[in-house]
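Undergrad: Quick one: the structure is below, questions incoming.
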Amino acid sequence: MSHLRLERLERRFPGTATPAVDGISLDLPQGALLALLGPSGCGKTTTLRMIAGLEAPDGGRILVAGRDVTPLPPHRRNMGVVFQSYALFPHLSAAANVSFGLEMRGVARAERAKRVADALALVGLADLSARKPRQLSGGQQQRVALARALAPQPDLLLLDEPLSALDAKLREEVRDEIRAVQQRLGTTTVFVTHDQTEALAMADLVAVMNRGRIEQLASPEEVFERPATRFVATFVGRATILAAEVIGEGLLRAGGVTLQAAETPAAGRVDVFIRPHHLRHLTPDAPAENVLEARVLRRIYTGDIITLECESAAGRLLAEMPGGTPGAAARPGDALRLGVDPADLRVFPA
Ligand code: ATP
């Protein structure tokens with residue numbers, strides 16, 4: 001059953017030509033984590049702020065557990081919010097910061113103490129509860145902010161780029177912790193990020209946004225393997241893009257090469273997207289539905305994966321070979337036979 005429902009949610013800022021959020025609808029099941037993913041300015045934060053009640057929509061409705069919360073002020077929505085900046089009270093200890101929201105909600109003292117201890121233990125900060133924010137690292141401060149958001153047992157947890165102030169290593173650590181805590185509590189969560197790795201690693205559902213609209217709403221695997229639009233194909237992950245023409249049902253001509261695709265438009269010029277890991281190394285006599293004869297231009301070693309930049313009659317190709325496999329041994333100048341399944345070609349009108 002849907003726990004959070006957005007119905008044609010809309011926001012137009014006065015004096016702007018295009019809506020910041022242009023009619024967004026979605027259903028999020030109880031306990032799921034939704035990532036709003038998209039480039040700067042696509043409307044992620046505005047969407048989150050409308051859910052939180054910090055921004056009034058110009059149209060549409062927000063329902064939580066079937067209840068219309070659209071007219072309610074933020075403090076009557078029972079939502080926990082974590083922002084990019086930790087926004088902790090500097091003069092209060094970690095425990096007092098977490099306790100503050102509970103006091104505001106009129107939770108009794110004994111119950112408050114228990115909830116504060118539980119929330120800080122949940123984020124691994126039980127031992128540091130007496131510290132002030134300046135005595136805590138960035139990662140620890142963000143954990144306090146998370147504990148503060150979770151202590152009131154919100155119906156919905158809202159996170160706006162909560163990791164962007166942290167350095168790369170810490171970001172991964174806190175990311176995995178947030179996800180673990182969220183899953184343990186089963187709190188339905190909306191997470192705003194422009195970082196695709198973060199979205200793919202954390203989310204049950206990813207909404208890829210562009211210009212105030214959702215271009216695709218699907219699982220991380222689906223978004224990555226089967227991008228629904230050209231925008232999604234280019235924004236999420238890397239891809240080879242070949243200019244081609246439809247020459248028959250499921251048949252394409254790219255440069256001098258004929259390719260089979262599972263789905264193509266009826267006719268016309270198209271762009272063919274191929275994910276680098278979908279290009280397989282073929283031995284000289286291996287049969288394959290699509291064969292691209294290529295020559296290696298550049299070999300980029302990044303440990304587990306070797307990226308090969310190749311040229312072919314169809315155009316430039318980007319291939320990823322798992323380390324230790326025959327394809328990974330290819331060097332600049334080597335000839336390479338690459339195969340790709342028809343189902344792995346994504347074809348969009350040019
Ligand atoms: P970022 O990742 O940069 O925060 P975002 O996807 O969260 O981007 P929003 O902050 O939701 O995007 O902004 C969406 C659009 O609305 C942008 O074009 C932005 O300039 C505009 N916008 C946001 N807030 C206001 C405001 N208060 N007044 C006018 N325009 C605004």
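All of the numbers you see were taken from the coordinates with simple rules; none came from a lab. Values in this document were obtained by computation on a predicted structure and should not be read as measured data. Neighbour counts are summed over all protein chains in view; Cβ atoms, including those assigned to glycine, are modelled from backbone coordinates with ideal geometry.
Undergrad: Tell me the net charge near ILE305. Cut-off is 13 Å between Cβ atoms, ILE305 excluded, with +1 for each Lys or Arg and -1 for each Asp or Glu. Walk me through the numbers on the way to the answer.
TA: Values: positive: ARG238, ARG275, ARG299; negative: ASP304, GLU320.
Value of the local net charge: +1.
Undergrad: For a quick check: sort LYS132, LYS169, LYS44, LYS114 by the number of other beta carbons within 10 angstrom, fewest at the front. Numbers along the way, then the final one.
TA: Details: LYS132 15, LYS169 9, LYS44 26, LYS114 12.
Listed from fewest to most nearby Cβ atoms, that is LYS169, LYS114, LYS132, LYS44.
Undergrad: Just going by the charge dipole of the stretch 238-349, with Lys and Arg at +1 and Asp and Glu at -1 on Cβ, which of GLY333, VAL347, PRO284 is farthest out on the positive end?
TA: Selected residue: GLY333.
Undergrad: Relative contact order, percent, of the stretch 111-255 when contacts are C-alpha pairs under 8 Å separated by at least 6 residues?
TA: Numbers: 139 pairs, mean separation 20.0, N = 145.
Here the relative contact order equals 14 percent.
Undergrad: Sorted from fewest to most neighbouring beta carbons within 10 Å, what does the list SER93, SER40 look like? Intermediate values should be presented prior to the final figure.
TA: Numbers: SER93 19, SER40 7.
Fewest-to-most Cβ neighbours within 10 Å comes out as SER40, SER93.
Undergrad: Still on this model: Angle check, please: helix 94-104 long axis (alpha carbons) against the longest principal axis of the chain (alpha carbons), in degrees 0 to 90, nearest 10.
TA: Helix 94-104 and the main axis of the chain meet at about 70 degrees.
Undergrad: Could you work out the helix-only [θ] at 222 nm for the chain, with each DSSP H run of four or more residues adding -39,500 (n - 2.57) and the total divided by the number of residues, to the nearest 500 deg cm²/dmol?
TA: Working: 8 runs with 84 residues, N = 350.
Calculated from helices alone, the mean residue ellipticity at 222 nm is -7000 deg cm²/dmol.
Undergrad: Here is a follow-up. Which of the peptides 234-242, 252-260 is most tightly packed, and how do the rest follow, going by the mean number of other Cβ atoms within 10 Å of each residue? It would help to have the intermediate numbers written out before the result.
TA: Values: 234-242: 18.9, 252-260: 16.8.
So the order, starting with the most tightly packed, is 234-242, 252-260.
Undergrad: For the chain, take the longest principal axis of its alpha carbons; what is the angle in degrees between that and the long axis of helix 138-150, to the nearest 10 within 0 to 90?
TA: Taking the Cα atoms of the chain, the angle to 138-150 is about 70 degrees.
Undergrad: So, one more: Could you put ARG131, ARG331 in order, starting from the residue whose Cβ has the fewest other Cβ atoms within 10 Å? Intermediate values should be presented prior to the final figure.
TA: Values: ARG131 16, ARG331 8.
Placing the least packed residue first, the sequence is ARG331, ARG131.
Undergrad: Compactness ratio of the chain: Cα Rg over 2.2 N^0.38 Å, N = residue count? Walk me through the intermediate numbers first.
TA: Values: Rg = 24.3 Å, N = 350, 2.2 N^0.38 = 20.4 Å.
In units of the 2.2 N^0.38 Å rule of thumb, it is 1.19.
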